[in-house]
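Written below as structure tokens is the structure these notes are about.
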Amino acid sequence: MKKQKLLFATLLTLVATTTLLSCNSKDTGPNIKGEPVEEPEAHYVDGMLHEFNVSESSTPFITNGQCEYSIIYEKESEWGDKAALFLQRHFKKAVDVAISIIEYDGTNFTYDANKKIICIDVKDVLTAANITSTDKPIGNAGYHLLTKDNSVFIQCNSGYGYVNACRTFLNQVFGYEIYAADVIIYKKDGATLPNMDIYEAPDMTYKFQSNKADDQARYEMGFLNWGEAFYNKQNVPTQHNVLTWLPKSVYLDSSKPETYHPKWYNKTQTQICWTAHGDKDEYNILVDTLFEKFKEALTIDPDVGTIQFSQEDRPELCSCEGCLECIQKYGADSATMVLLLNDVDVKLQAWLEEQAEINHTNKREVNLAFFAYQNSERPCAHKDENGTWVPNHEDVICRDHVVPYIAPIFAKYEESFYSKGNDTVRDTINGWKALSKYAYFWIYETNFSNYIYPFNSYTTMIDTYRYIIDNGAQFLFNEGQHDNDAVPCFGKFKEYFNYVTLNDVNAKYSDIVESFFTNYFNLAKEPMLKMFYEIQEYMLYLRQTYPTELDGTIYEDVSQTQFWPLNILQRWQGYCDEAFKAIEKIKTSNLALYTILYRHIVLESIFPQFAILDNHRGKFSNSQVNEMVKKLLSDCQLAKVTKAAEGRSIIPVISAWSAM
């Protein structure tokens, strides 16, 4: 389904710095307006599946506080169990109705047209209801949601799709929407069951939430946890794990000749050697060993769809003669990884085909992923005379189930991947596209050196997602503040933004902003939206004014005092004060809502408080500084802000500012 290209308001570009930002002195900062400006055009993606055929009906659903329907799912289906409990939970929250659940075991339910059920992909029931498999491209995370007879039927290709189908059902029946773990709304009473015939596939098949997230909210937004997407049993981490798959304690123990393989490691033993130092016999044993390990892993975990075999988190790889010869022949360090995993995949896919024949099932789809990261980021591809990316050699074309996991750590994330500043990133992605059927992506959306300061990827990320999806992405992790319990500078907006856009990448940015601020901040919407717009506008001003100091990358030194005039910070602090006043009217009439909104505002007040102390505490008396430190520590505790930077606790940073 192709969507029209629309104009929408964002802060992605400034019409002209001189018209929007009239600079005063460096002490007072610019005169910012805090209003969105128009972006001329976005890069919409064609071919997405979001077919909604819905109409009102007179079929009763919730009557007099009762529901005659039952939820049914396959017994011992972990995905089905979670989806059924998800539905049951929101029946209770939305209309205070307890709906029953049936765990279908093949004998305890017989379908007929008079039954009233919500069927979560029970194959026997779908067959009995004459519902055949869909030929729509719903993929592994999509679904078909259908009302027929008196019932509701959910059909998926895998358990990944269940939550997406259930969320749509709740939205159509109860007007359900989730903005954060503590902001869930219902706009309908569920009195009738709509007529539904919906085919949908999320635009990103597999995805993780960027920041540290509440488990229930993460699930309801359709995000996976690591173990659901990547193999992580047997204490195998989901990434940077080659030395876990091939432990040095086993294969570098010279006292056991039968398992002693020193050629499997680089000189410093900090990475493996992907060519076994060019020794064919050692290489063949390496291939066989990995095949047996991966085969065992898939037996232990019958559901996981990806095994990641990726370099340790260090830039250096192996510089032995075997690796250097391979790199010289094929043109990039990544060649050694592609060749090894291609050889392992030949054996693994043959085994999976054998298992399907033995068990009379469809062949299990399993990918082998490797990081294209730091020294291995560059693909073995080049532009031909027509400017088209082509493989350097057919040997380094990835087999269908061998997937590069592209992690462009040096990209400018305060610009989109379509921007000129990210030409190198696009070359990397296009090069890998010439080599692989699809790709996984690990990108970034925070400043890892300065968690508390803004990272202005709010508007640029939507086009970055469009570029990634348009170039064959199946999986995305946009890494944010994974170790911070709550993220200031509108981190909650980014989490909601990820939820919306990774389901529908052609969503309208201004609609996302409006919906989030209306529901998440409620009565405090106007001052918080003003603060949000001004921060983005000011960050654009800083990048234009200090282009050598601030380049939009994830480790830039954004906390310099020259960037943060006191009056600007106090102005944003004032917006938070306005927001507190706006919710005061419901403190006695709706204490529960007041408490939630108060905590939301406190979270956004952390940044101006922190930046004032960080840069301007010398302008205040000792007693004032001590009170400011005390309040900030208290607010961080209330808002659950625990980190000042990646791996760095915020408490000692703030405490050190106390005046003697």
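Just name the residue that is modelled with the highest pLDDT out of those in region 27-44 that are out of contact with any Phe, Trp or Tyr (no Cβ under 9 Å at 6 or more places or on another chain) and either farther than 30 Å from Thr205 by Cβ or surrounded by 13 or more Cβ atoms within 10 Å (Cβ to Cβ) (or both).
Of everything passing the filter in region 27-44, Tyr44 is modelled with the highest pLDDT.
So, in region 320-340, how many residues would count as being touching a His at 6+ places or on another chain (Cβ under 9 Å) and surrounded by 22 or more Cβ atoms within 10 Å (Cβ to Cβ)?
1
Could we say that Asn24 is at pLDDT below 95 and either in contact with a helix residue (DSSP H, G or I) (Cβ under 7 Å, 6 or more places away or on another chain) or not β-branched (Val, Ile, Thr) (or both) here?
Yes, satisfied.
Within region 438-471, which residues are closer than 23 Å to Cys398 by Cα and touching a helix residue (DSSP H, G or I) at 6+ places or on another chain (Cβ under 6 Å)?
The first filter runs over region 438-471 and keeps only residues closer than 23 Å to Cys398 by Cα, leaving 438-443, 467-471.
Once the filter is applied, which keeps residues that are closer than 23 Å to Cys398 by Cα and touching a helix residue (DSSP H, G or I) at 6+ places or on another chain (Cβ under 6 Å), region 438-471 yields Ala439, Phe441, Asn471.
Do we have Ala113 as more than 18 Å from Tyr186 (Cβ to Cβ), surrounded by 13 or more Cβ atoms within 10 Å (Cβ to Cβ), among the aliphatic types (A, V, I, L, M) and in contact (Cβ under 8 Å) with a residue 24 or more places away in the chain here? Give the derivation first.
Working: more than 18 Å from Tyr186 (Cβ to Cβ): yes; surrounded by 13 or more Cβ atoms within 10 Å (Cβ to Cβ): no; among the aliphatic types (A, V, I, L, M): yes; in contact (Cβ under 8 Å) with a residue 24 or more places away in the chain: yes.
Against the criterion (more than 18 Å from Tyr186 (Cβ to Cβ), surrounded by 13 or more Cβ atoms within 10 Å (Cβ to Cβ), among the aliphatic types (A, V, I, L, M) and in contact (Cβ under 8 Å) with a residue 24 or more places away in the chain), Ala113 does not qualify.
Being aliphatic (A, V, I, L, M) and in contact with a strand residue (DSSP E or B) (Cβ under 9 Å, 6 or more places away or on another chain) is the requirement here; does Ile612 meet it?
Values: aliphatic (A, V, I, L, M): yes; in contact with a strand residue (DSSP E or B) (Cβ under 9 Å, 6 or more places away or on another chain): no.
So Ile612 does not fit the description; no.
Residue-wise test of (1) modelled with pLDDT of 95 or more; (2) under 26 Å from the mean Cα position of the chain (by Cα).
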position: Phe91; (1), (2): yes, no
position: Lys116; (1), (2): yes, no
position: Ser133; (1), (2): no, no
position: Leu145; (1), (2): yes, yes
position: Ile154; (1), (2): yes, yes
position: Gly159; (1), (2): no, yes
position: Tyr162; (1), (2): yes, yes
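For region 533-578, how many residues are aromatic (Phe, Trp, Tyr), part of a loop (DSSP other than H, G, I, E, B) and in contact (Cβ under 8 Å) with a residue 24 or more places away in the chain?
2
Would you tally the residues in region 575-622 being surrounded by fewer than 15 Cβ atoms within 10 Å (Cβ to Cβ) and under 22 Å from Glu537 (Cβ atoms)?
Total satisfying the criteria: 1.
Take region 78-92 and flag every residue that is touching a helix residue (DSSP H, G or I) at 6+ places or on another chain (Cβ under 9 Å) and not small (Gly, Ala, Ser).
Listed by number, the residues that qualify are Glu78, Trp79, Lys82, Phe86, Leu87, Arg89, His90, Phe91.
Conditions first: (1) at positive phi; (2) buried (at least 20 other Cβ atoms within 10 Å of the Cβ). Gly647 passes all but one, so which condition is the exception?
Unmet for Gly647, out of (1) at positive phi; (2) buried (at least 20 other Cβ atoms within 10 Å of the Cβ): (2).
If only one of Phe493, Phe517 is in a helix (DSSP H, G or I), more than 20 Å from Phe223 (Cβ to Cβ) and free of Cβ contacts under 8 Å to residues at least 40 places away in the same chain, which one is it?
Working: Phe493 fails: more than 20 Å from Phe223 (Cβ to Cβ).
None of the other options fit; the residue is Phe517.
Of everything in region 281-325 that's of a type in the set (D, E, K, R), in a loop (DSSP other than H, G, I, E, B) and within 20 Å of Asn266 (Cβ to Cβ), which residue is farthest from the chain's Cα centre (by Cα)?
Top of the filtered list is Glu316.
Listed residues Leu476, Leu435; which is touching a residue at least 24 places away in the same chain (Cβ under 8 Å), of a type outside the set (Lys, Arg) and part of a loop (DSSP other than H, G, I, E, B)?
Going through Leu476, Leu435 in turn, just one is touching a residue at least 24 places away in the same chain (Cβ under 8 Å), of a type outside the set (Lys, Arg) and part of a loop (DSSP other than H, G, I, E, B): Leu435.
Could you give every pair whose Cβ atoms fall below 9 Å, whose first residue belongs to region 630-641 and is small (Gly, Ala, Ser), and whose second residue is assigned to a loop (DSSP other than H, G, I, E, B), counting only separations of at least 6 or pairs across chains?
Ala639/Asp485; Ala639/Ala486; Ala639/Pro488
May I ask you to list the residues in region 377-400 that are of a type outside the set (Asp, Glu), surrounded by fewer than 23 Cβ atoms within 10 Å (Cβ to Cβ) and free of Cβ contacts under 8 Å to residues at least 60 places away in the same chain?
Once the filter is applied, which keeps residues that are of a type outside the set (Asp, Glu), surrounded by fewer than 23 Cβ atoms within 10 Å (Cβ to Cβ) and free of Cβ contacts under 8 Å to residues at least 60 places away in the same chain, region 377-400 yields Arg378, His382, Lys383, Asn386, Gly387, Thr388, Trp389, Val390, Pro391, Ile397, Arg399.
Looking only at region 323-335, decide whether some residue is in contact with a helix residue (DSSP H, G or I) (Cβ under 7 Å, 6 or more places away or on another chain) and either free of Cβ contacts under 8 Å to residues at least 40 places away in the same chain or not assigned by TED's automatic domain parsing to the domain that holds Asp279 (or both).
yes
Report yes if Tyr405 is hydroxyl-bearing (Ser, Thr, Tyr) and within 16 Å of the chain's Cα centre (by Cα), otherwise no.
yes
Assuming Val236 fulfils every condition listed in (1) assigned to a helix (DSSP H, G or I); (2) over 14 Å from the mean Cα position of the chain (by Cα); (3) among the aliphatic types (A, V, I, L, M) apart from one, which condition is it?
(1)
Step by step: first the residues of region 356-376, then only those that are closer than 30 Å to Asp313 by Cβ and touching a helix residue (DSSP H, G or I) at 6+ places or on another chain (Cβ under 7 Å), then the one that is surrounded by the most Cβ atoms within 10 Å (Cβ to Cβ). Which residue is that?
In this case the residue turns out to be Ala372.
Please verify whether Ile462 is within 21 Å of the chain's Cα centre (by Cα), assigned by TED's automatic domain parsing to the domain that holds Ala486 and buried (at least 22 other Cβ atoms within 10 Å of the Cβ), treating the condition exactly as stated. It would help to see each step written out before you state the result.
Numbers: within 21 Å of the chain's Cα centre (by Cα): yes; assigned by TED's automatic domain parsing to the domain that holds Ala486: yes; buried (at least 22 other Cβ atoms within 10 Å of the Cβ): yes.
For Ile462, the condition - within 21 Å of the chain's Cα centre (by Cα), assigned by TED's automatic domain parsing to the domain that holds Ala486 and buried (at least 22 other Cβ atoms within 10 Å of the Cβ) - is met.
Among the residues of region 57-73, which ones are outside any strand (DSSP E or B) and either modelled with pLDDT under 80 or touching a strand residue (DSSP E or B) at 6+ places or on another chain (Cβ under 7 Å) (or both)?
Passing the criteria: Ser57, Ser58, Thr59, Phe61, Tyr69.
Residues checked against (1) under 23 Å from Tyr219 (Cα atoms); (2) among the basic types (Lys, Arg); (3) in contact (Cβ under 8 Å) with a residue 24 or more places away in the chain; (4) surrounded by fewer than 20 Cβ atoms within 10 Å (Cβ to Cβ):
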| site | (1), (2), (3), (4) |
| --- | --- |
| Val97 | yes, no, yes, yes |
| Ile102 | yes, no, yes, yes |
| Lys136 | no, yes, yes, yes |
| Tyr143 | yes, no, yes, no |
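Would you mind stating whether Glu353 is in contact with a Leu (Cβ under 9 Å, 6 or more places away or on another chain) and surrounded by fewer than 17 Cβ atoms within 10 Å (Cβ to Cβ)?
Against the criterion (in contact with a Leu (Cβ under 9 Å, 6 or more places away or on another chain) and surrounded by fewer than 17 Cβ atoms within 10 Å (Cβ to Cβ)), Glu353 does not qualify.
Tell me yes or no: at least one residue of region 160-171 is outside the structural domain of Pro315 (by TED's automatic domain parsing), in contact (Cβ under 8 Å) with a residue 24 or more places away in the chain and among the charged types (D, E, K, R).
Checking region 160-171: at least one residue is outside the structural domain of Pro315 (by TED's automatic domain parsing), in contact (Cβ under 8 Å) with a residue 24 or more places away in the chain and among the charged types (D, E, K, R).
The values are calculated or read from the model by the stated rules, or taken from the named source; none is laboratory data. Computed from a predicted model, the values in this text were never measured in an experiment. Don't worry about glycine lacking a Cβ; one is built from the backbone with ideal geometry, like all the others, and counts go over all protein chains shown.
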